[in-house]
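J.: Following this message is one structure expressed as structure tokens.
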Amino acid sequence: MKRIILAAGMAVAVLGMPGAMDIEAVSGRFGVAIVNNGSGLGAASPVVNTLGGSAILSFSKGFFLSLQPGLDLFWTNYEWSDGRAVPTETETGGGNNAFVVGFLFDVPLTATIRFNERLGGAASVGTAFLFRASFASDTTDQILSSIASYLWSDGRWFYPSASLRFDVYLQQNFTFAMGIRGFLPIFNAWSGNDNFWDEGILHVTMAMLVGLQ
């Protein structure tokens with residue numbers, strides 16, 4: 001719970017950062033994320049549904065760069081295997097199954113371009129934080145604690161991010177957007193994991209942006 005409160009505090013800090021940035025637009029989105037399981041243990045790489053939203057914070061009106069902090073929610077199951085937490089099937093039993101909810105908070109610097117009256121796009125790079133809460137699901141307290149500790153250790157909550165987005169301007173203040181986002185598991189550079197891409201995330205989204213100005 002303390003970590004979730006910390007995440008919320010970070011979001012408030014970003015939205016209230018100095019410079020009086022204006023909220024130009026907000027969005028709601030849903031999507032599908034693939035969480036790479038390169039461990040050879042547990043289940044195949046889980047494909048999970050996501051729900052989330054973001055805000056567009058402009059430095060100045062009409063400027064092509066903006067901050068677009070967003071938060072996405074997803075959930076999957078993990079088991080404890082060979083000294084680490086790995087994705088597992090929902091049906092896994094035997095006291096070795098944790099239900100894990102992920103809160104993916106991303107703060108990308110975004111460059112937006114408009115091709116014509118109807119079409120546009122955006123590219124971004126940023127820093128993301130994956131805050132995960134673990135709950136018992138046919139799981140002993142000891143296994144649940146081990147899974148939670150593993151997911152929070154060695155910086156496994158830190159992901160540099162990059163994304164591309166295609167925008168369709170429907171009418172004034174309403175834009176449909178399709179995007180693809182990648183989250184790099186850079187913590188594998190120091191965590192001792194031989195598979196650098198293990199736990200990387202690929203995220204495909206569809207969103208509706210609503211302008212506020």
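The values are calculated or read from the model by the stated rules, or taken from the named source; none is laboratory data. Just so it is clear, the structure is predicted and the values come from calculations on it, not from any experiment. Note: ideal-geometry Cβ built from the backbone for every residue, glycine included; neighbour counts use all protein chains shown. Side chains are part of the model used for accessible areas, which takes the heavy atoms of the whole protein and leaves out ligands, DNA and RNA. Shrake-Rupley method; radii C 1.70, N 1.55, O 1.52, S 1.80 Å.
J.: With 10 Å bins from zero, work out the P(r) of the chain over every alpha carbon pair and list the percent per bin.
T.: With a bin width of 10 Å, the distribution comes to 8, 33, 32, 18, 8, 1.
J.: Find how many whole Å separate the alpha carbon centroid of the stretch 93-140 from the alpha carbon centroid of the stretch 43-69.
T.: Between the Cα centre of the stretch 43-69 and that of the stretch 93-140, the gap is 9 Å.
J.: For the chain, with all protein chains present and a 1.4 Å probe, just round the carbon and sulfur fraction of the accessible area to a whole percent.
T.: In the chain, the share of accessible area belonging to carbon and sulfur is 65 percent.
J.: Compute the projected area of the convex hull of the Cα atoms of the stretch 16-77, averaged over all viewing directions, and report it in nm² to one decimal place.
T.: Averaging across all directions leaves 6.0 nm² for the Cα convex hull.
J.: For Val101 and Asp154 in the same chain, what is the full-extension length gain: residue separation times 0.36 nm, less their Cα-Cα distance, in nm?
T.: 17.2 nm
J.: What would the Debye formula give as log10 I(q)/I(0) at q = 0.18, 0.19 Å⁻¹ for the alpha-carbon point model of the stretch 136-200, no solvent?
T.: Debye intensities relative to I(0), on a log10 scale: -0.78, -0.81.
J.: Find the relative contact order for the chain and round it to a whole percent, using C-alpha pairs within less than 8 Å whose residues are 6+ positions apart.
T.: Values: 530 pairs, mean separation 44.5, N = 213.
RCO, the chain: 21 percent.
J.: Can you give me the accessible area per residue for the chain, using a 1.4 Å probe, in Å²? It would help to have the intermediate numbers written out before the result.
T.: Numbers: 10800 Å² over 213 residues.
Each residue of the chain exposes 51 Å² on average to a 1.4 Å probe.
J.: Output the Kirkwood hydrodynamic radius of the stretch 111-164, Cα pairs only, in Å rounded to one decimal.
T.: So the Kirkwood estimate lands at 14.4 Å.
J.: To continue, here is another question. Taking 0.36 nm per residue of separation and subtracting the Cα-Cα distance, what length does fully extending Asp22 through Glu91 add?
T.: 20.2 nm
J.: Relative to a virtual label point 7 Å from the Cα of Phe59 in the Cα→beta-carbon direction, which members of the stretch 97-138 show backbone nitrogen distances below 15 Å?
T.: 108-113, 123-126
J.: Now for a different question. Using Cα springs under 10 Å in a Gaussian network model of the chain, which residue among Ile180, Ile147, Ile113 shows the largest mean-square fluctuation?
T.: Top of the fluctuation ranking is Ile113.
J.: Let me ask something additional. Working out 0.36 nm times the residue gap between Asn195 and Asn49, then minus their Cα-Cα distance, what length gain in nm do you get to one decimal?
T.: Additional length available on full extension: 50.1 nm.
J.: Got a sec? Charge dipole of the chain, +1 on Cβ for Lys and Arg, -1 for Asp and Glu; which of Trp197, Thr110, Tyr150 is way out at the positive end?
T.: Thr110
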